[in-house]
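Every number in this text was worked out from the coordinates using simple rules, so none of it is lab data. Note that the structure is predicted; figures quoted are calculated from it, not measured. Cβ sites come from the backbone with ideal geometry, for glycine too, and all protein chains shown count toward neighbours.
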Amino acid sequence: MAKGMILAAGQGTRVRPLTKYLPKPMVPILGKPVMEYLIEHLASFGITEIMVNVAFQHQKIEQYFGDGHRWGVQLGYSYEGMREHGEVVPKPMGSAGGMRRIQDFSRFFDETTLVLCGDALIDLDIGAALHEHKTKAAIASVVTLDVPLADVSNYGIVEANEDGQIQSFQEKPNSEDAKSTLASTGIYIFNPEVLDLVPAGQIYDIGSQLFPQLVEQKLPFYAQKRFFNWIDIGRVSDYWSVLQRVLRGDIAQMKIPGREVRPGVWVGLNTSVAWDQVKIQGPVYVGSSVRIEPGAVIVGPCWIGHGSVIRSGAKVTRSILFEYTRIAADMHFSEMIVSPEYCVNRDGETLYRGDDTAQLRWGDARA
């Protein structure tokens, strides 16, 4: 079939503070890390040998996923870092450089390899994508999606001829300069010989360095146009809107956990909710061991993480509460992501607990 590669070494600075304590592939969607959905998707297409390059907070990824046997796959990890002043510090090698490092170590990539970024949800027909790659005798393919012209500055943009052969690659052009509206989705298919073009031992990027090299050398490098869900969590605002879509049921393969106790309201185990004294307008998920006090109001889409407490008179509207978050009495949190340490609105503006200027009061439900 093919092998798999998940790129998971980045720092995720654009989704801070979500990545202050978590590597980006571990950011949860419906209580599961983004990367878990990717592994399940690869496994469903028979891709069971998967390498993951890691750097920042790598132990959290490795401890959660282990050797992959729970998903019926084999996972391997390639740590990218160095020793500085007696301490080991993460130092990502770039998306292409990280793959070359694995190749130099063991020649792992000895057949066609599907490469995915560890921070996006996809439902791509992998079988069809691999078939097209092979049929065109490509050595590299990039899966693209058409995006609105106004959004091209957020993406790597691909210009291809009518056969799909790539003519140029633009990294985040403004809309006046964009040569097309085909965006790279960070899903690539590589034959082993592509990695021989990556310089050994150097930081080297797929989009900004390897792809222009393939175009310059006029190698068989193709864009695939596919229709599929690609949900990229590039910014905090994306994370908020993704969860809103998921809770509304817009994304077919994502099922809300728990038991549906009334239309649009799901609960986990061991919840304490004064059902006849609270107002809950779905879709809302109430995690296990959550307490919702009388007089509280919840307006969905909302995700209330396990162990959270919503005090009496509080109102939570279209928001996400991470586990063990306590919302103080009579507070109103609207369109926010809230954790015990910080809260962030849908535009990425962040407040930290203990900030005296903050009008909102919240905290850690465990203490």
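Go ahead and set up a Gaussian network model of the chain, Cα springs under 10 Å, then flag whichever of TYR285, TYR155, TYR188 fluctuates most.
TYR155
In what sequence do SER339, SER237 fall when counting other Cβ within 10 Å, fewest first?
Working: SER339 21, SER237 15.
Fewest to most other Cβ atoms nearby, the residues stand as SER237, SER339.
Restrict the search to region 46-147; then list the GluC sites (Glu not before Pro) that DSSP places in a loop and that have at most 16 other Cβ atoms within 10 Å of their Cβ. Display every interim value, and only then the final one.
Numbers: sites: GLU49, GLU62, GLU80, GLU84, GLU87, GLU111, GLU132; in loops: GLU80, GLU111.
Answer by residue number: GLU111.
Could you work out how far apart the two model spin labels at LYS32 and ASP125 are, taking each label as a point 7 Å from the Cα in the direction of the beta carbon, and quote it in nm?
Output for this residue pair reads 2.2 nm.
Taking each pair of distinct Cα atoms in the chain once, what is the resulting Kirkwood hydrodynamic radius in Å? Spell out each step's value before the answer.
Details: mean 1/r = 0.0454 Å⁻¹.
It works out to 22.0 Å.
If you keep only loop residues by DSSP, which trypsin sites (Lys or Arg not before Pro) in region 284-367 have at most 11 other Cβ atoms within 10 Å of their Cβ? Mind dumping the intermediate values first?
Working: sites: ARG291, ARG311, LYS315, ARG318, ARG326, ARG346, ARG353, ARG361, ARG366; in loops: ARG311, ARG318, ARG346, ARG353, ARG361, ARG366.
Of the trypsin sites (Lys or Arg not before Pro), the ones in loops of region 284-367 whose Cβ has at most 11 other Cβ atoms within 10 Å are ARG366.
Where both residues lie in the chain, what percent of DSSP beta bridges are antiparallel, nearest 5? It would help to have the intermediate numbers written out before the result.
Values: 40 of 86 bridges.
So the antiparallel bridges amount to about 45 percent of the total.
Under 10 Å, Cα contacts only: if you run a Gaussian network model on the chain, which one of VAL88, VAL34, VAL115 comes out with the highest mean-square fluctuation?
VAL88
Straight-line reach only, C-alpha to C-alpha below 15 angstrom: list the aspartates and glutamates that LYS315 could link to, leaving out same-chain residues fewer than 8 apart.
GLU293, ASP330, GLU335
Please compute the length gained on full extension between THR13 and GLN202, using 0.36 nm multiplied by the number of residues separating them and subtracting their Cα-Cα distance. The partial results should precede the final answer.
Details: separation 189, 0.36 × 189 = 68.04 nm, distance 2.20 nm.
My answer for the length gained is 65.8 nm.
Beyond 20 Å, what share of the Cα-Cα pairs of region 6-137 remains, rounded to the nearest whole percent? Don't skip to the answer; put the middle values down first.
Working: 4112 of 8646 pairs.
Tail of the P(r) past 20 Å holds 48 percent of the pairs.
Of ALA178, ILE47, HIS58, which is farthest along the charge dipole of the chain in the positive direction, counting Lys and Arg as +1 and Asp and Glu as -1 at C-beta?
Sorting the options by dipole projection puts first HIS58.
Given the convex hull over the Cα atoms of region 94-152, what projected area results after averaging over all orientations, in nm²?
Numbers: hull surface 22.9 nm².
The number I arrive at for region 94-152 is 5.7 nm².
Can you give me the three principal axis dimensions of region 187-309 from its C-alpha atoms, in Å, biggest first?
Cα spread of region 187-309 along its principal axes, largest to smallest: 69, 32, 23 Å.
Among LYS32/LYS134; LYS255/LYS279; LYS32/LYS218; LYS60/LYS225; LYS60/LYS255, which pairs are too far apart, with a Cα-Cα distance over 30 Å? Before the final figure, lay out each step's value.
Details: LYS32/LYS134 33 Å; LYS255/LYS279 24 Å; LYS32/LYS218 41 Å; LYS60/LYS225 35 Å; LYS60/LYS255 24 Å.
Checking Cα-Cα distances, LYS32/LYS134; LYS32/LYS218; LYS60/LYS225 exceed 30 Å.
Compute the normalised compactness of region 163-258: alpha-carbon radius of gyration over 2.2 N^0.38 Å, N being the residue count. It would help to have the intermediate numbers written out before the result.
Details: Rg = 17.3 Å, N = 96, 2.2 N^0.38 = 12.5 Å.
In units of the 2.2 N^0.38 Å rule of thumb, it is 1.39.
Under the rule of at least 5 residues apart or a separate chain, name every residue whose amide H is placed under 5 Å from the amide H of VAL52.
ILE6, GLY76, TYR77, SER78
Applying 1/(1 + (r/R0)^6) with R0 = 51 Å to the Cβ-Cβ distance of GLU349 and SER44, what FRET efficiency is obtained, to the nearest 0.05? Walk me through the intermediate numbers first.
Values: r = 38 Å, r/R0 = 0.75.
About 0.85, to the nearest 0.05.
So for the pair LYS60, ASN161, with labels modelled 7 Å out along Cα→Cβ, what separation do we get in nm?
4.7
Just how large is the dipole of the chain about the Cα centre, in debye to the nearest 20, putting +1 at every Lys and Arg Cβ and -1 at every Asp and Glu Cβ? Kindly include the intermediate steps, with their values, before the conclusion.
Details: 36 positive and 42 negative charges, 230 e Å.
Charge dipole, the chain, about its Cα centre: 1100 debye, nearest 20.
Evaluated at 10 °C with a viscosity of 1.306 mPa s, what Stokes-Einstein diffusion coefficient in µm²/s does region 238-345 have when Rh comes from the Kirkwood expression over alpha-carbon pairs?
Numbers: Rh = 13.4 Å.
The diffusion coefficient I find is 119 µm²/s.
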